[in-house]
2 protein chains.
Amino acid sequence: MLTYTFEKREKGSLYEQLYRFIRGDILSGRLQAGEKLPSKRTLAQHLEVSIITVKNAYEQLLAEGYIHARQRCGYFVSEVERPPESRQAAPAVPAETAKEQGWFLDFASGAMDPAYFPFTVWARLMRQTILEQDKELLRAAPYNGAAELRVAIAGYLRQFRGMQVDPEQIIVGAGTELLYHLLIQLLGRDKCYAVEEPGYSKIAAIYESNLVQVQYIGIDEAGLSVSELRRHTAQVVHISPTHHYPTGTVMPIGRRQELLRWAAEEDERYILEDDYDSEFRFVGRPIPTLYSTDENQRVIYLNTFSKTIAPSIRISYMILPPRLLERYRKKLGFYACTVSGFEQYTLAKFLEQGHFERHLGRMRNRYRQKRDQVMAEFLQGALAGRVKITGQDAGLHFLAQLQTVLPDAVLQKKAAEQGLRLAMLSDYYHEGGDARGHTLVVNYSGLDMQRLPQALRRLADILKEETPCTTN
Amino acid sequence: MLTYTFEKREKGSLYEQLYRFIRGDILSGRLQAGEKLPSKRTLAQHLEVSIITVKNAYEQLLAEGYIHARQRCGYFVSEVERPPESRQAAPAVPAETAKEQGWFLDFASGAMDPAYFPFTVWARLMRQTILEQDKELLRAAPYNGAAELRVAIAGYLRQFRGMQVDPEQIIVGAGTELLYHLLIQLLGRDKCYAVEEPGYSKIAAIYESNLVQVQYIGIDEAGLSVSELRRHTAQVVHISPTHHYPTGTVMPIGRRQELLRWAAEEDERYILEDDYDSEFRFVGRPIPTLYSTDENQRVIYLNTFSKTIAPSIRISYMILPPRLLERYRKKLGFYACTVSGFEQYTLAKFLEQGHFERHLGRMRNRYRQKRDQVMAEFLQGALAGRVKITGQDAGLHFLAQLQTVLPDAVLQKKAAEQGLRLAMLSDYYHEGGDARGHTLVVNYSGLDMQRLPQALRRLADILKEETPCTTN
């Protein structure tokens with residue numbers, strides 16, 4: 001008869017202990033497959049526990065398949081494989097490689113200044129959402145996002161961007177990267193997607209990770225070259241016409257029209273207009289979107305609130321032309337919306353009550369000031385006379401071309417030794433850009449102004465080292 | 001000379017009006033490509049506005065490419081296509097088809113009872129997060145989720161599920177569907193994925209929407225048939241071994257071992273263990289996970305908090321075996337985490353402070369009561385004697401086999417006419433199940449108890465209609 005010693009309530013209830021004892025005996029082979037277990041009553045008497053305890057233990061073993069019941073016969077041990085001896089050693093988790101280095105100054109990362117986040121307002125709206133919208137918060141949002149948020153986005157776009165958008169055209173998602181995934185499924189994995197060269201490498205990486213064919217189209221002073229595009233088979237073009245990354249080029253109206261004509265020529269050509277930082281234009285009015293200029297329903301517009309509110313807020317959206325709506329619902333309407341209700345309702349309030357536009361106004365002022373300070377330091381500090389700045393009218397970065405003979409990779413390596421992380425324009429080429437471009441991409445939004453003069457002195461010292469013999 | 005009449009500050013600033021006037025003239029052809037614009041000073045004097053106004057208008061036109069500058073010559077109209085006449089009519093947005101019908105009672109939808117959400121606690125933790133974690137909230141979370149949340153999940157799994165997991169193995173994402181996308185990219189689009197037949201159709205839909213090959217493997221009383229699996233080429237199996245949907249089958253230990261052996265036989269075979277509602281087990285202890293039984297690092301475990309806390313909270317996670325971690329970081333580490341910081345930190349607190357386990361305990365009690373009430377109504381109400389219930393030990397649904405000769409589709413249609421939405425077991429077959437199974441899948445969690453007796457009377461009436469002449 002099975003005999004076990006129970007511990008006093010320390011390791012779970014009696015039935016759990018009994019379940020574990022018997023399971024152990026089955027796994028160790030002490031109880032063999034086919035062997036009949038004692039009846040509940042017999043075992044209960046033998047172990048001096050209640051029948052309920054034995055019943056519960058047997059039922060758990062039954063549920064997990066360690067034993068089986070034969071009607072009116074009782075319980076029998078099932079066929080169970082014995083684990084090998086070496087089961088204890090847990091596999092090692094490989095340590096994360098390439099831990100982020102502690103840079104003295106990082107020119108490559110577009111971190112936001114935490115002081116800019118409208119914390120008090122956001123927190124108040126979140127509390128308000130929690131109090132007012134308790135019912136809605138528990139329902140899953142529709143596939144395309146909460147109606148309140150879509151209406152608020154459409155209202156904002158109408159009022160401040162001059163865009164006519166029906167809330168039904170808007171699809172809300174947890175980040176633009178995720179919307180690309182949906183677009184690949186919507187437009188077709190068999191299509192070839194064109195991206196800008198140079199450009200934001202993550203976009204191509206996402207297409208390639210999805211094994212979708214990518215073509216790289218060069219840009220000239222008017223942005224993506226449509227004549228080069230025509231020499232390719234791409235049917236979908238992914239661009240940022242209002243502010244190309246990283247050159248800052250604005251696509252002029254003539255090139256836009258040329259691109260829209262290209263798209264209208266075939267039925268399944270589309271343009272993905274990624275408008276990720278159009279809100280930060282420091283000169284003149286906002287540039288009208290390609291979406292608004294399009295008359296043939298070929299432009300899908302994408303934007304995000306992560307850049308304008310905070311990176312940890314993951315809310316992006318896309319606007320589909322009406323001709324794609326029905327296809328989207330049929331093919332992808334079964335996907336659940338990826339953004340939590342709390343944040344959708346909070347953002348809707350933030351937009352409706354005008355906080356977003358006020359926040360943007362403040363951010364534009366602050367970033368303009370920051371940009372001016374950083375530019376002044378570049379032009380008048382240790383690098384004075386050896387640097388030319390372009391692409392500063394919009395976005396949170398500008399280009400700084402350095403007078404040097406150092407190839408970009410050497411410059412980056414030497415800078416890294418001095419604690420400086422540099423992004424070079426040549427890094428943004430897929431095929432390898434001109435390594436003698438000597439052009440820094442300066443992401444200024446998160447730069448520590450205290451450290452900047454010293455960082456530029458270090459950079460100037462590197463340049464000096466390598467231009468010997470100009471004066472003896 | 002260009003002559004325009006300005007409106008009094010109503011339609012934007014003077015420079016905006018001037019910009020719009022000139023743009024209009026360019027688009028209408030009144031100003032031709034190549035034409036020279038008057039100098040800023042001349043136009044300013046002519047229109048009686050400041051030079052700054054003209055300068056700003058010209059710069060905006062320049063930025064958008066309507067005009068171009070030639071050095072020391074002035075500004076010239078660029079080549080711009082004229083829009084066709086028909087530009088006004090905005091395209092119609094197709095109305096959403098198949099609006100949800102207002103059902104009298106919906107047996108098919110697993111809605112949560114809003115009263116069950118731990119609203120006060122969640123709101124308090126959210127406020128706490130807003131107050132305490134302001135700095136962290138503004139930084140983007142690492143690709144795999146906030147460290148605090150991953151530590152909290154690992155702690156919960158260790159304490160309540162007996163799972164040994166390193167927080168580094170956890171990847172947090174905005175919903176399980178999204179994690180499937182990542183897994184397809186991680187394990188390979190070229191692989192064939194096996195799903196359960198019958199099963200949750202959305203899983204196959206996601207693979208198919210990604211053009212990944214899907215194979216349907218039948219289940220028997222021990223769950224997915226490994227011998228049938230062996231007759232297929234699938235290398236990845238997507239299953240819910242602890243609670244199959246919709247039959248409720250628990251895979252016994254013998255079958256689990258057989259499946260794990262299958263996986264270990266080839267280097268790139270994996271099992272996706274979708275443990276979506278294992279928390280709602282009403283009988284005995286929780287069933288140990290397949291992940292814990294696996295000794296060859298072939299099981300990827302997935303679970304979600306949307307089912308247990310609220311559908312509008314989009315936080316899921318997966319646990320990768322250590323051998324896949326490095327591959328994940330290299331291939332997919334560039335994707336941003338899709339869950340907002342606010343909710344990650346709030347959930348971390350909810351787990352750490354033991355609220356989650358207490359919440360689950362309450363939910364288990366409430367749902368057990370709800371299940372008992374619904375089952376009693378089925379067994380003792382209008383359908384008494386004509387229904388057999390199975391699969392009620394776990395999850396938020398059970399099966400109810402009806403005594404009827406009506407094919408499932410006819411039954412569903414007649415029920416719909418009476419305002420009842422029915423899910424039938426045969427609906428969960430890809431190839432078409434036994435339409436004479438007459439088995440309802442009763443999702444009881446959101447059922448309105450007031451309406452249930454009346455709904456069952458309507459159902460009984462339908463069954464009665466169609467069993468004529470048994471008594472004359």
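Observations, loosely collected:
- Point-to-point label distance, B:E132-A:K36, nm (Cα→Cβ direction, 7 Å offset): 5.9 nm
- Identity and axial distance of the chain A residue whose Cβ lies nearest the axis relating A to B, Å: A:A174, 2
- Distant-in-sequence amide H partners of A:Y270 (H built 1.01 Å from N, under 5 Å): A:V236, A:V237
- Residue-by-residue Karplus 3J(HN,Hα) for the range B:132-137, coefficients 6.51, -1.76, 1.60, Hz, glycine and proline x: 8, 10, 4, 5, 4, 5
- A:K331 paired with A:Q369, simple spin-label distance in nm, labels 7 Å along Cα-to-beta-carbon: 4.8 nm
- Counting DSSP beta bridges with both ends in the protein assembly as shown, the antiparallel % (nearest 5): 60 percent
- Surface share of carbon and sulfur [accessible, 1.4 angstrom probe, percent] for the range A:133-228: 49 percent
- Sorted from greatest to least, the principal axis extents spanned by the alpha carbons of chain B come out as 99, 63, 50 Å.
- Per residue, the accessible area of the range B:137-244 comes to 33 Å², computed with a 1.4 Å probe over protein heavy atoms only.
- Per-pair calculated FRET efficiency, R0 = 45 Å: A:Q401 and B:Q297 via Cβ, rounded to 0.05: 0.35
- Per-residue SASA entry for A:C192, accessible area with 1.4 Å probe, Å² rounded to 10: 10 Å²
- Ratio Rg/Rh [Cα only; Rh per Kirkwood] for the range A:252-365: 1.01
- FRET efficiency, B:Q71 to A:R139 (Cβ-Cβ, R0 41 Å, nearest 0.05): 0.10
- For residues of A:61-68, the mean tally of beta carbons on other chains within 10 Å: 6
- Entry note, the protein assembly as shown: the mean residue ellipticity at 222 nm calculated from DSSP H runs of n ≥ 4, each adding -39500 (n - 2.57), is -12000 deg cm²/dmol after division by the residues and rounding to the nearest 500.
- Working note: Cα atoms of the range A:1-71, range along each principal axis, descending, whole Å: 31, 24, 22.
- Shortest first, A:C192 label-point distances to identical copies amount to 3.1 nm, with the label point at 7 Å from Cα along Cα→Cβ.
- The length gained on full extension between B:A147 and B:E228, counted as 0.36 nm times the residue separation minus their Cα-Cα distance, comes to 25.0 nm.
- Scaled against 2.2 N^0.38 Å for its residue count N, the alpha carbon radius of gyration of the protein assembly as shown is 1.09.
- Sorted from nearest, the other copies put their B:A384 label points 9.8 nm away, the label point being 7 Å from Cα in the direction of Cβ.
- DSSP bridge orientation in chain A - percent antiparallel, rounded to nearest 5: 60 percent
- Three semi-axes of the equivalent ellipsoid, the range B:140-251, Cα gyration tensor, whole Å, largest first: 28, 19, 12
- Average partner coverage of A:244-253, which counts Cβ from other chains inside 10 Å: 3
- Taken over the range A:283-330, the convex hull of the Cα atoms encloses 85 Å³ per residue.
- Model label zone, B:H430; criterion: amide N under 17 Å from point 7 Å along Cα-to-beta-carbon; scope the range B:250-284: B:270-274
- Computed from backbone phi, the HN-Hα couplings of the range B:340-357 come to 5, x, 3, 6, 5, 5, 5, 5, 4, 5, 4, 6, 4, 8, x, 5, 5, 5 Hz, rounded to whole numbers (Karplus: 6.51 cos²θ - 1.76 cosθ + 1.60, θ = phi - 60°; Gly and Pro given as x).
- Excluding ligands, DNA and RNA and using a 1.4 Å probe, chains B and A jointly bury around 7500 Å² of accessible surface, summed across both partners.
- With all pairs of separate Cα atoms included, the range A:187-296 yields a Kirkwood hydrodynamic radius of 14.2 Å.
- Put simply, the range A:258-303 fits an ellipsoid with semi-axes of 23, 11, 7 Å; these come from the alpha carbon gyration tensor as the roots of five times its eigenvalues, largest first.
- Plainly put, the range B:357-458 has a radius of gyration that is 0.99 times its Kirkwood radius, both from alpha-carbon atoms, as the Rg/Rh ratio.
- Label positions at A:V410 and B:D267, each projected 7 Å from the Cα along the C-beta direction, are separated by 4.2 nm.
- For the range B:206-213, backbone phi angles converted through the Karplus equation (6.51, -1.76, 1.60; θ = phi - 60°) give residue-by-residue couplings of 5, 4, 5, 5, 8, 6, 9, 6 Hz, Gly and Pro being listed as x.
- Within 10 Å of each Cβ in A:204-213, the average number of Cβ atoms from other chains: 3
- Residue (of A:H238, A:W262, A:F280) at the positive-pole extreme of the range A:202-320, dipole from beta-carbon charges: A:F280
The values are calculated or read from the model by the stated rules, or taken from the named source; none is laboratory data. Predicted model only: the values in this text are computed from it and were never measured. Positions of Cβ are generated from backbone atoms using ideal geometry, with glycine treated the same way; all protein chains shown enter the neighbour counts. The area values use the complete protein model at the heavy-atom level, side chains included, leaving out ligands, DNA and RNA. Shrake-Rupley method; radii C 1.70, N 1.55, O 1.52, S 1.80 Å.
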